Amino acid sequence: MAFGGLLGSRIRPGKRFRGVVAHLVGGLVLGIAAADLMPAASQSGHPLALALGFCLGFSLLLVINAVLQDPETSAESDRARPMLLLMLPFLVDSLIDGLVVGISSKAAEQGWVIPVAVALEMGLATLGLGTLLGRGAAPWRSRLAGALMALMYAIGLSISLVLTDGLQGAALTGTLAFGTAALIYLVVEEVMKEAHSRGEDDSALVNVAFFVGLLCIWLLDSSSA
């Protein structure tokens, strides 16, 4: 994330690059939810906790998305918007992603895949924010944004380790369901929506990247079975 903020002050990624990485990340994250997290939560035998955790997960993110306006849509019409208001949605997203990674990695058989997939997504987010903040401004703004997002991610990860330590039974099921809902929301409402929101490249190569991500997770699970 810190590196993405640094790059954002210097370069602008092309549409095809953003599209391929976004679709690849979307396939990886959705594959993790379908192959590891959903089976782990459903096999625990606590359907009520599963339903409550899942509903809480996507409801919380829906509320956050409604309260925090996307800064990129408003920045075009209001260049003088304070830096903190531009960064706030990204900082909250970083905190939630840290929570999700910590919660979800405990259930996934290939525990390293979730952090890698989310790291790619957050790296793109910091690159986009760094590019936005770097327009006609000092480069330190973009670098600071990446560093702060990395810090919020670490805080979220630390909180998740405390919350999930010793969880069993219904509490663990609800927590896994919460993380699953958050990851699915991440794919549908952030990664894929962002990949098609501003005229991004929609070629066959870009779309195939989504299925490549899914296939990678499927093959990893098959090889470890």
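The residues of segment 28-52 that are outside any helix (DSSP H, G or I) and modelled with pLDDT of 80 or more, listed by number, are 43, 45, 46.
A residue that is over 16 Å from the mean Cα position of the chain (by Cα), aromatic (Phe, Trp, Tyr) and modelled with pLDDT under 75 occurs nowhere in segment 54-61.
The values are calculated or read from the model by the stated rules, or taken from the named source; none is laboratory data. None of these values were measured; they are calculated from a predicted model.
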